[in-house]
Amino acid sequence: MDMRTVTLIQGDGIGQEICQSVIDVFAAAKVPVQWEMAIAGLEAIEKFGNGVPPETLESIKRNTVALKGPTTTPIAGGHKSVNVTIRKALELYANVRLAKSMPAVETRFSNVDVLIVRENIEDTYSGIEHMQTPNVAQCLKLITRQGSMAAIRYAFEEARKLGRKKVTCVHKANIHKISDGLFLNVFREVATEYPEIEANDIIVDNCCMQLVSRPEQFDVLVLPNLYGDIVSDLCAGIVGGLGVAPGGNIGRDCAVFEAVHGSAPDIAGKGLANPTAILLSSVQMLQYMGLIGYASAIQNALESALADGVKTRDLGGTASTSEFTAGIIARLNLDGAESNVVPARDGAAKEPTMISEDWELIGCDVFVENHGLPQMPEKIGPFTLRLISNRGTKVWPGATPDIMLVDHFRNRYVADTSVTRQDVLALLQELTAMGKHWCHVELLNQVAGEPRYSKAQGE
Ligand code: NAI
């Protein structure tokens, strides 16, 4: 079998000790992988003044797969997190985490085996935030067709490759009808390409409740960024915490796998580090590369070592990092490892499709800063004031409900016919001339009478 080159970033603290365990297990299992060493973290900062030198990014791009140990983020000095730098530089659009019950890792459940695929770039994590008034903060939640499609397609591809049976879309589309609604619609669209895999969806709050009561019902979960962030840690918790949680960040052209835990400076260099999480990350990496047989052999050996009581101190055992590694190597069964190989990323890199629609502009929402209900003109040019809302609740026309009002009112101006951006500008000019303190504007579009915006509560 052809040797493949993988970039290895050992990282800081316990990084070198736990990466040595992967190097030794791969060598013993005769995995057709050779390592190309690259640096990131404290060593790179000391040598180059940069936590992620360009050579390291080049190495990952060249080899397309990397395994990374934990890196320390210095609190002082303004150094950016190595992980965030790598994720952004390589556009790693999906985060993948395996939550699997492990023998000897004591938890309430013994039957969890969930793969969590989280969209990794957009949602509220695009970091587009503005104060609207001194009292009102706004964060834009951007869900895109392409971003959702990339993560969702990856989830189905992994399910197919690993013989998993079901992919569940986790969302809050009952409330976020448009943004999470788009994620759910894309999920349903992609699901039709994978008829052999069951596809269903669940609201995120119910999902959390089900995960902590009957986690065995879930197989693969796919989520937008924010829910994914929270639910993946919840899943780590039900299988024994972040200490044993593996993960990977997947991009269109490359992928970086790493343990979820940090560099554990308190135990570094003492031979106490538990390599389970990085070994499981390397298992995920082999699955990504299509080397399914080797991945299973290593995972089985790791599980049987733990089941036989070979464990490090953090799991209540007495084995050192190297004794634990030797325990895994002694239990490796390589029968069939070489033969179970599937093509890596078959179809996953397919270009997300974009759609176009003929949008008709019919109005705008003008957000105005005001203390108390603002006096707004009911007619301006082609526009009629349809409603005023405060934090999404209608406060005009009709009696203003007895609610706490903040200094941020949305005024919905709608025309009977199509309007232009010029009409909207004229409206804003007139409101400006009247001294209205507008702070934010959204256009209202429709397609064949179907609005491309949400209705206010009570509208
Ligand atoms: P940490 O995960 O390094 O340590 C928390 C506790 O868990 C410590 O008591 C540690 O000894 C223990 N621990 C962690 N991994 C272990 C392992 N494999 N075996 C045995 N015990 C283990 O979290 P902490 O202390 O908050 O962060 C330390 C440094 O790591 C910080 O500089 C932080 O920025 C960085 N970090 C890096 C991450 C990454 O590169 N992916 C992720 C999280 C933190």
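Annotations for the structure displayed:
- Residue list for segment 1-29, restricted to those being in contact with a Leu (Cβ under 9 Å, 6 or more places away or on another chain), within 14 Å of the ligand (Cβ to nearest atom), assigned to a helix (DSSP H, G or I) and not hydroxyl-bearing (Ser, Thr, Tyr): Glu17, Ile18, Cys19, Val22
- When residues of segment 293-337 are limited to those that are touching a residue at least 12 places away in the same chain (Cβ under 8 Å) and hydroxyl-bearing (Ser, Thr, Tyr), the one most open to solvent (accessible area, probe 1.4 Å): Ser322
- Scanning segment 115-129 for residues that are in contact with a strand residue (DSSP E or B) (Cβ under 6 Å, 6 or more places away or on another chain) and either open to solvent by 10 Å² or more (accessible area, probe 1.4 Å) or in the same structural domain as Glu91 (by TED's automatic domain parsing) (or both) yields Arg118, Asn120, Ile121, Glu122, Thr124, Ser126, Glu129.
Listed here are the residues, each with its yes/no results for (1) of a type in the set (D, E, K, R); (2) modelled with pLDDT under 95; (3) more than 28 Å from Leu182 (Cβ to Cβ).
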position	(1), (2), (3)
Asp365	yes, no, no
Asn370	no, no, yes
Glu378	yes, no, yes
Ala399	no, yes, yes
Ala448	no, yes, no
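- Given (1) within 16 Å of the ligand (Cβ to nearest atom); (2) closer than 23 Å to Gly243 by Cα; (3) outside any helix (DSSP H, G or I), index of the condition Ala94 fails: (1)
- As for segment 211-234, it holds no residue that is of a type in the set (D, E, K, R), surrounded by fewer than 24 Cβ atoms within 10 Å (Cβ to Cβ), away from the ligand (no atom under 16 Å from the Cβ) and outside the structural domain of Asp180 (by TED's automatic domain parsing).
- Sole residue being assigned to a helix (DSSP H, G or I), within 16 Å of the ligand (Cβ to nearest atom) and open to solvent by 50 Å² or more (accessible area, probe 1.4 Å), chosen from Glu106, Glu58, Glu46: Glu46
- Test: Ala245 is near the ligand (Cβ under 7 Å from one of its atoms) and open to solvent by less than 10 Å² (accessible area, probe 1.4 Å): no
The values are calculated or read from the model by the stated rules, or taken from the named source; none is laboratory data. Everything quoted here is computed from the prediction, not taken from an experiment. When we count neighbours, we look across all protein chains shown, and the Cβ atoms used for this are built from the backbone with ideal geometry, even at glycine. Areas reflect the complete protein model, heavy atoms only, side chains present, ligands, DNA and RNA absent. Shrake-Rupley method; radii C 1.70, N 1.55, O 1.52, S 1.80 Å.
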